[in-house]
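We did not get these values from a lab; they are worked out from the coordinates using the rules stated. Model, not experiment: these values are computed from the prediction. FYI the Cβ positions are ideal-geometry reconstructions off the backbone, even for glycines, and counts take in every protein chain you see.
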Amino acid sequence: MNEWPLWEVFVRSQHGLAHQHAGSLHAPDAETALNNARDVYTRRNEGVSIWVVKSADITASSPSEKGPLFEPAASKPYRHPTFYEVPDEVKHL
Amino acid sequence: MTPDELFQDRIDRGIKIEPKDYMPEGYRKTLIRQISQHAHSEVVGQLPEGNWITRAPSLRRKAILLAKVQDEAGHGLYLYSAAETLGVSREQMIADLHSGKAKYSSIFNYPTLTWADIGAIGWLVDGAAIINQIALCRCSYGPYARAMVRICKEESFHQRQGYEILLTLCRGTKEQKAMAQDALNRWWWPSLMMFGPHDSESTHSEQSTKWKIKIVSNDALRQKFVDQTVPQGEYLGLTFPDPKLRWNAARGHYDFGEIDWDEFKNVIQGNGPCNRDRLRARIAAHEQGAWVREAALAYAKKHEKRAAA
């Protein structure tokens, strides 16, 4: 017997905020996935918009390559404002 | 450090484990067993309450009970999804439930004989579940912890609606209050059993605690439940069916009597009042829904083909 494919559900909680991953569910097609997502993840008005994406269509970075993948950013603290020395007397900077 | 030592180090530092991260086989297996058992409990837990949907005493109570039972279905789905991230399929988990290989919480093998039982389930059974689940929000496995946070947020209305049912009965006629007392008499001890065997008897406790799958011990959670529930019952004017129950000022906790562990084991082994009934209902629902699952898949495939053409 064939199992229904798995979908990842993303919900936008209110206007102005990005969609956030809410969870996953099984459904035979996109339309049913959307309807089921409404019943499973927004029973209390949690959302104003839902995205569903087949889990198989998501390409994810591998946890074991986390080190080399994010290494370029780790060595650049000067990208953060706290890196710079500013005298206390200087305001609005 | 070996992969297992690195893994333990992450847990000790409070870093969550995510689906694709390295994990020892025992950790994966323990979680699959625990999360799927938790999911099955949510799903089977719909049955005793579903028994009263058509007989709820008012439209208000009926709408509330429907919403609660629908929540239990949702909670089952969150948890099945969390378990699937560990590499077990939904079909396999459901097959294990139906074959009796996987367990669910024994509390759902007791019958709901009167309307007051719906109150007692919300107040006591959901109350006990919340105490257990609040602790699990800090569990080391990310998807399980996140599902717990979501469930805890939704579960609080379950407990309150149950208490409100009993409060209404206790403020009603003598017969109604007696019905509430009878429900407490039957549900109190099974609710205490929900926290599992004594710490000294619990088989998986030590390793699960080290892996932060278990955060607080069975006996500590049970004590917390007793401490917060007894004053609530006294407010209702009801009596707990335990002659040894009394406040111990020296300990700062309630003392209570010993659980009938023979009954506990007997129900787990399948000999509770409703074990066979519950499984029969689950299997029938699954089998009778097979044609719907197949038809929906056939429909989706047909449309996929048409769109491609």
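One table, with the values for the structure above:
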{"item": "Cα gyration tensor shape for region B:261-309, rounded if a/c is under 1.5, else prolate or oblate", "result": "prolate"}
{"item": "DSSP-loop trypsin sites (Lys or Arg not before Pro) across region B:213-309, with at most 16 other Cβ within 10 angstrom", "result": "B:Lys244, B:Arg251"}
{"item": "Fluctuation leader among A:Ser64, A:Ser55, A:Ser24 - chain A, Gaussian network, Cα springs under 10 angstrom", "result": "A:Ser64"}
{"item": "Förster radius 45 Å - calculated FRET efficiency between A:Lys76 and B:Val292, Cβ distance, rounded to 0.05", "result": "0.25"}
{"item": "Of B:Lys16/B:Lys103; B:Lys68/B:Lys265; A:Lys66/B:Lys16; B:Lys103/B:Lys214; B:Lys20/B:Lys212; A:Lys66/B:Lys212, those spanning more than 21 Å from alpha-carbon to alpha-carbon", "result": "B:Lys16/B:Lys103; B:Lys68/B:Lys265; A:Lys66/B:Lys212"}
{"item": "Cα-based helix-to-principal-axis angle, A:30-41 vs chain A, degrees rounded to 10", "result": "70"}
{"item": "Residues with amide H under 5 Å from that of A:Gly23, placed H, sequence gap 5 or more", "result": "A:Val9"}
{"item": "Rough spin-label spacing in nm, given labels placed 7 Å along Cα→Cβ, for B:His204 and A:Val53", "result": "3.3"}
{"item": "Rounded FRET efficiency, nearest 0.05, which uses the C-beta distance separating B:His253 from A:Leu69 and R0 of 45 Å", "result": "0.35"}
{"item": "Förster radius 22 Å - calculated FRET efficiency between B:Ala63 and A:Asn45 (Cβ-Cβ, nearest 0.05)", "result": "0.85"}
{"item": "Under 18 Å from the Cα of B:Lys153 - aspartates and glutamates, other chains or at least 8 residues apart", "result": "A:Asp39, A:Glu46, B:Glu42, B:Asp71, B:Glu72, B:Asp126"}
{"item": "Peptide-level mean, for A:24-30, of C-beta atoms on other protein chains within 10 Å", "result": "6"}
{"item": "Separation between Cα centres of region B:223-263 and region A:1-27, rounded to whole Å", "result": "43"}
